[in-house]
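The values are calculated or read from the model by the stated rules, or taken from the named source; none is laboratory data. Nothing here was measured: the structure is a model prediction, and the numbers come from that model. For accessibility, only protein heavy atoms count, side chains too; no ligands or nucleic acids. Shrake-Rupley method; radii C 1.70, N 1.55, O 1.52, S 1.80 Å.
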Amino acid sequence: MARNLAYKILAEHLVFGRLVPGQEIAIRMDQTLTQDATGTMAYLQFEALGLSRVRTEFSVSYMDHNLLQTSFENADDHRYLQTAAAKYGVYFSRPGNGICHQVHLERLGLPGKTLLGSDSHTLTIGALGSLGIGAGGLDVALAMGGNPFYLPTPRVLLVRLRGRLGPWVTAKDIALELLRRLSVKGGVGKVLEFGGDGVAHLTVSGRATIANMCAELGATSAIFPSDEQTLAYLRLQGRQEGWCPLAPDPEAAYHEVLEIDLETLEPLIAQPSSPDNVVPARELRKLPVAQVCVGGCCNSSYRDLMSVAAILEGKRVHKDVSLTISPGSRQVYQMIARHGGLAALLSSGARILETACGPCIGMGQVPPTGEASVRSFNRNFPGRSGHPQDRVYLASPEVCAATALFGQITDPRELGHHPKLHEPEAYLVDDSMIIPPVENAEGIEVIKGPNIKPLPDQEPLSCRVQGPVLLLVGDDITTDHILPGGPKVLPLRSNIPAISQFAFAQLDPGFAERSRAAGGGFIVAGANYGQGSSREHASLASHYLGVKAVIAKSFARIHHANLVNSGILPLTFGDETDYQALGQGDQLQIEGLPQALMDGSVTIKNLTKGTTFQAKHALGERQIAIIANGGSLNYFRQGGR
Ligand code: MIC
Ligand code: SF4
């Protein structure tokens, strides 16, 4: 049968199941990546599984999120991660080397490989024809140990790109157009595969921007063919020997097709506070802006920063705008320095930040009260910038640069001719900040600072679950709502009891206290619950505070998997009116577990209102067994597979 590219790679890595949409499969993971904010949990879990050495082609541990060291915790986490990497056979990318997705693209990703990463933007690697999937730390720990990764077989959506982008229109605008059309729920359960004649004109850097932002659609993965552009990129990185051509079979079948005419696209912008709230940038013309941030894992490449530098060259950033630039990697930083971009940026008044995620995860550059911030990042969820009432817009580096010049949102087409950008003849290759694992790890001591706390114990599921509705929320609740980032909370990523105090803090500051006082209970939510990041702390903290089940209209993929791994029941409403009938504080009860799950439908009694309703779930037998055991760690330690 003629196969699309996504299914070709899945088929080649399949160790269990059949490629039938929705049915559970398990695939072999060739590579893994972790970053410092999710990595400590992943390595604690790896240790708890009793594994001594990774069993992948290679695994990398990146330091990029927690680079602010306002106290000792982040530095201690880095020391733990460095010693753990040496001990368990993992490559260690030092702080300052760059954002995981940018560095992985430059130095390590390869066409045809599978990559599992404890970060939702792992699908960025699809730009090289590699199948990247974001997951919780525990799933990555298991993959590091050589276990397959389980997932529901995705559907494949072909995005057919037609023609060429016009001047000032970029890959970011393709990503924003996808979000405009499909919404933040539009990619759930799907791999987006890119094809059509327009693909040939997109460089790997541009492809990476698009693949990266497919995470904002909730997609399982995103993939581009491996072609001449891929070869050219790998050649510039000195890695052409890893190239192989990859394409779908002629006449390959797709579950859905969507077409974008690149010629008609224009510069777009996502308005507060969702990446799918997209309009043409020209519609917001003259909207005053106090802050512009360029960087983040979707738009911090050499090409992106050189474009911003070329726009700003010989000009001055508007006096009321704070413009910051975060290079995506040390390679990018060194290259813009060597090719004059850094000097142009500095002369224009831009502030250069560290090579890291930085303001994207609220680590600095919190915008001023009431003012608009325009960012080249991928997420503008409410409060993510660190200001509870933030107004964050997302746009291309070109829109950012034009906006920084005029102090108001500006369509860059107003600037006239786009300055000519030159591709380098080669990228500057220096892997000295990626420390390879040592051969003989016996004498290596893994060092844990005082903030690194053991994983909390998990109780098996009891047959009766009872408690109040602790929180009732609407649609599109993000993991930033469930557990925020920022400099106060990120240092607690290795300490579940401490970080749990911040659960739902933005929506309901009393949540942690109330939940503990009630002995736990239920969360009731609308559609797409848990969208956004892969941080399993969102489910681990919920579990720690006694959350037993989340009843939602629907779930985001990674958070659903993380809830199961943490031993929390993810249930869905059979009938939407049942959602409306519930009130915060209602006492709910479920009996006959786990058999009720095996039967497919769960009866929930509302003891306060004297009613009952049916809930459904999307759990397979294996996942039910995991929940019955009190989560994945217990399940695997007891021999489950
Ligand atoms: C994000 O962009 O939200 C993060 C921070 O990179 C997260 C990971 C984390 O919370 O540590 C992600 O995307 O998975
Ligand atoms: Fe880092 Fe932001 Fe990318 Fe997440 S989205 S990996 S915080 S740059």
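Observations on the structure shown:
- The stretch 488-575 - accessible surface per residue (Å², probe 1.4 Å): 24 Å²
- Extension gain for E283-D249 works out to 8.1 nm (0.36 nm per residue, less the C-alpha to C-alpha distance).
- Taking all protein chains together, K488, K172 sort by accessible area into K488, K172, largest first [probe 1.4 Å].
- For the stretch 384-472, the solvent-accessible area of protein heavy atoms averages 53 Å² per residue (probe radius 1.4 Å; ligands and nucleic acids excluded).
- Hydrodynamic radius of the stretch 113-235 per Kirkwood, over alpha carbon pairs, in Å: 14.7 Å
- A straight line joining the Cα centroids of the stretch 433-449 and the stretch 522-588 runs 38 Å.
- Set of lysines with alpha-carbon distance to K448 below 19 Å, sequence-local pairs under 8 removed: K87
- For the chain, the fraction of 1.4 Å probe accessible surface lying on carbon and sulfur atoms is 51 percent.
- The residues of the stretch 63-161 have, on average, 20 Å² of accessible surface per residue, using a 1.4 Å probe with all protein chains present.
- Sorted into 20 angstrom bins from 0, the C-alpha pair distances of the chain split as 20, 56, 23, 1 percent.
- Cross-link partners for K286 among the lysines, with Cα-Cα distance under 22 Å and sequence neighbours closer than 8 places in the same chain left out: K172, K315, K319.
- Remark: the stretch 112-117, residue by residue, has Karplus-estimated 3J(HN,Hα) of x, 8, 9, 9, 10, x Hz, where x stands for each Gly or Pro and the curve is 6.51 cos²θ - 1.76 cosθ + 1.60 at θ = phi - 60°.
- Bridge type composition, the chain - antiparallel percent by DSSP, nearest 5: 35 percent
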